[in-house]
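Asks: Sending over a structure as structure tokens; questions will come in a sec.
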Amino acid sequence: LCPVTTRIMESVPLAGRIAGFNRQKPNTGIPLHSDGNNMWLTCQMGIKVPSDDKAWIRVGPETRRWKQGECLLYDTTYEHETMNEHESEERVVLHIDFFNTLSMTKVEIEIMEYIYHLREEFMKAEGVSKVGAQIL
């Protein structure tokens with residue numbers, strides 16, 4: 001479906017649980033929440049961004065607005081929420097979660113890599129045809 005994006009994602013080391021495209025319809029939001037652990041860093045790149053800076057994310061006390069082709073990186077430990085205030089335009093971002101290696105020891109990183117390797121092997125055994133380094 002997205003061969004170039006897939007090749008790029010397969011080359012990213014230590015990618016975690018989610019990679020894909022997130023859509024947010026006009027006049028909708030994601031309520032304030034926290035993921036409750038510091039295991040992940042999230043990167044979102046604006047793919048289709050409403051005009052007039054109408055789509056935003058608030059993480060902790062800071063509010064940022066998506067820009068087409070630009071990335072926002074944030075720690076989901078902090079409370080965060082999103083809003084697309086545009087009347088008719090949706091917001092689309094490429095969303096990638098990475099292990100937060102800034103707060104992990106070398107051993108913890110090796111353990112996470114091993115766990116995800118086992119997950120890949122399980123998925124292959126279950127008949128999932130495309131796994132590789134792809135995020136599942």
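The values are calculated or read from the model by the stated rules, or taken from the named source; none is laboratory data. Predicted, not measured: the structure shown is a model, and the values here were computed from it. Don't worry about glycine lacking a Cβ; one is built from the backbone with ideal geometry, like all the others, and counts go over all protein chains shown. Areas reflect the complete protein model, heavy atoms only, side chains present, ligands, DNA and RNA absent. Shrake-Rupley method; radii C 1.70, N 1.55, O 1.52, S 1.80 Å.
Asks: Which value, in Å², gives the accessible area per residue of segment 31-136 when a 1.4 Å probe is used on the protein heavy atoms?
Replies: 59
Asks: Which percent of the accessible heavy-atom area of segment 26-136 goes to carbon and sulfur, probe 1.4 angstrom?
Replies: Its accessible area is 55 percent carbon and sulfur atoms.
Asks: Loop only by DSSP, 13 or fewer other Cβ within 10 Å of the Cβ. Give me the trypsin sites (Lys or Arg not before Pro) in segment 1-85 that pass, ordered by residue number.
Replies: Passing sites in segment 1-85 are 67.
Asks: Setting aside same-chain residues fewer than 8 positions from residue 67, which lysines have a Cα under 30 Å from its Cα?
Replies: Filter leaves 25, 48, 54.
Asks: Same structure again: In degrees between 0 and 90, to the nearest 10, how far off the longest principal axis of the chain does helix 106-125 point, with axes built from Cα atoms?
Replies: With both axes taken from Cα atoms, the answer is about 80 degrees.
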